[in-house]
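What follows is a single structure, written as C-alpha cells, with notes after it.
The values are calculated or read from the model by the stated rules, or taken from the named source; none is laboratory data. On a predicted model such as this, the values are computed, not experimentally measured, just so you know. Please note: Cβ atoms are built from the backbone with ideal geometry, for glycine as well, and neighbour counts cover all protein chains shown.
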Amino acid sequence: MTSAPKPSGVPPMPERNTKALRAAIAQHTPQLLADYDRHWDAAIGQPRYTAPVPAFLARWWTEFALARDPDLDRHVRELEERAADAATNDQALQLLTQAAHLRREAAKVEPGQ
C-alpha cells in the first residue's frame, strides 16, 4: 500500500499529528468524528493518562487510512464479518489474517499518500 498509488478520489493522508488527522477526518470521513472525539476525551482528556498519544494516533491513522477509501474499508469490514460467521476456526483465522494484513498496510501509509 505504501508504494501503490492511491485510487482516484481518495484524499491524501494528512500530516502525522492529531490536529491534522482530526481535520482530515472531519472533512473526508465525518462519520468517524464522533468516535474519534469520544476516544480522545476518554484516553487523552483524562489527567491520569501520561502519554497515550502515540497509540491513539496509530489507531486513528489506520482508521482514517481505511475509511478514506470506501472500497478498501468495505473489503476489510466484509472480511471481518465473514470471519465472525465462519464455519471453522481455520476459515475465521484465514479471513482475519487477510483483514489484519490490510490494516497493517493501511497503517504504513505516509502523509501525502
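Tabulated data
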read-out	value
Where a residue in the range 20-35 is assigned to a helix (DSSP H, G or I) and its partner, wherever it lies, is surrounded by 13 or more Cβ atoms within 10 Å (Cβ to Cβ) and of a type in the set (Asp, Glu), with Cβ under 7 Å and at least six apart	Leu32/Glu63
Flag if Trp40 is closer than 20 Å to Val10 by Cα and surrounded by 13 or more Cβ atoms within 10 Å (Cβ to Cβ)	no
Flag for Ala100 being aliphatic (A, V, I, L, M), surrounded by 15 or more Cβ atoms within 10 Å (Cβ to Cβ), part of a helix (DSSP H, G or I) and under 12 Å from the mean Cα position of the chain (by Cα)	no
Leu57 vs. criteria in contact with a Ser or Thr (Cβ under 9 Å, 6 or more places away or on another chain), surrounded by 12 or more Cβ atoms within 10 Å (Cβ to Cβ), in a helix (DSSP H, G or I) and not aromatic (Phe, Trp, Tyr)	yes
Per-region count, the range 75-91, residues charged (D, E, K, R), in a helix (DSSP H, G or I) and out of contact with any helix residue (DSSP H, G or I) (no Cβ under 7 Å at 6 or more places or on another chain)	4
Enumeration of residues in the range 34-63 that are modelled with pLDDT under 75 and closer than 16 Å to Asn17 by Cβ	Ala51, Pro52
Residue list for the range 17-33, restricted to those being modelled with pLDDT of 95 or more and over 21 Å from Arg74 (Cβ atoms)	Ala20, Leu21, Arg22, Ala23, Ala26
Any chance Asp69 is under 26 Å from Val10 (Cβ atoms), at pLDDT 95 or above and in contact with a helix residue (DSSP H, G or I) (Cβ under 9 Å, 6 or more places away or on another chain)	yes
